[in-house]
């Protein structure tokens, strides 16, 4: 008696099995492909986040740089203004030039000048200069007014006016005054105890001879 044919050997069964295998392969491929894509997306997102963080850090650094640069520019401008008002050195030529400029504006003649020895204070030094002027009364008055408007601090004191002379319809006077400007005194570092003395320097008070 012949054996009955198996259901798996039938064409329908083979088609069904083939479809199942195809579906399983397709599902596996899609699953693996999806995992790969998901992993790439995650990596790209992490990379993007890192780049955004680095960009934000660079922007903060750039903003800090520009802020520091602007702050430095403001400080340098203020320092230049302070140096004009109270320079670090006596600058006698600039002092005399400022006086001459004011004399020209005021209309007085600067007949003579004599720099005097500066007088040092705790943090600044006085730089006096004796002046001799010639001009009309209102010109001399304007000179004393304009001298106080210069960038550098200049005081006028001990003003003496006299010796009037006729010059046509005008009266010309002679004036003497003391113009004083100032400059910063550089701090001198104190000698370190026990440090060797400078050759040729005088010994300290009370030291054995």
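Of the residues making up region 95-120, those that are part of a helix (DSSP H, G or I) and surrounded by 15 or more Cβ atoms within 10 Å (Cβ to Cβ) are 95, 96, 98, 99, 102, 103, 106. In region 121-131, the count of residues that are touching a residue at least 40 places away in the same chain (Cβ under 8 Å), loosely packed, with under 12 Cβ neighbours inside 10 Å and touching a strand residue (DSSP E or B) at 6+ places or on another chain (Cβ under 8 Å) is one or more. Here residue 107 meets each of (1) in contact with a strand residue (DSSP E or B) (Cβ under 9 Å, 6 or more places away or on another chain); (2) on the phi < 0 side of the Ramachandran plot with one exception, condition (2).
Restricting attention to region 134-157, the residues that are farther than 9 Å from residue 106 by Cβ and part of a strand (DSSP E or B) total 5.
Bear in mind these aren't lab numbers, they're just calculated from the coordinates by the rules spelled out. Quick caveat, the model's predicted, so the values are computed rather than measured. Because the Cβ atoms are built from the backbone with ideal geometry, glycine has one as well, and the counts that use them run over all protein chains shown.
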